[in-house]
């Protein structure tokens, strides 16, 4: 079970963008990296492909190492660690470390 999944709100805890929060767009588990919305923007110089896809300079998000972000709990609003808990059915769920609130596992 991963502690950070797509559509989670995370806070950057180290690096150039320390203190900023954003939504996770994509998780890259084999490289231990995440792509966060509006964080770590880089400029990509693209070549024109067709009339519908003109060339130019495009800003897009680059990945950040997963250890540099912390999950923000939707209930208490704090960036906190997560624990693993179990439901009555035996299914594993993520639990906020500060307020013990169950987090969605989507």
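Contact order, relative form, for the chain: 21 percent (alpha carbon pairs under 8 Å, 6 or more residues apart, mean separation divided by residue count). Among 67, 89, 14, the residue with the largest mean-square fluctuation in a Gaussian network model of the chain, with springs joining Cα atoms closer than 10 Å, is 89. Measuring from a point 7 Å past the Cα of residue 92 along Cα-to-C-beta, which residues in segment 15-41 have an amide N at less than 19 Å? Residues 27-33 fall inside that zone.
For the chain, what Kirkwood radius comes out of the mean inverse Cα-Cα distance, in Å?
15.4
With a simple spin-label model that places each label point 7 Å from the Cα along the Cα-to-Cβ direction, the separation between residue 20 and residue 42 comes to 1.4 nm.
For the chain, with a Gaussian network of springs between Cα atoms less than 10 Å apart, report the residue from 25, 66, 57 with the top mean-square fluctuation. Looking only at 25, 66, 57, the largest GNM fluctuation is found for 57.
No value in this document is a laboratory result; all are computed from the given coordinates. It should be emphasised that the depicted structure is a prediction, and the values quoted were computed from it without experimental measurement. Reconstructed Cβ throughout: ideal geometry from the backbone, glycine too, with neighbour counts over all protein chains shown.
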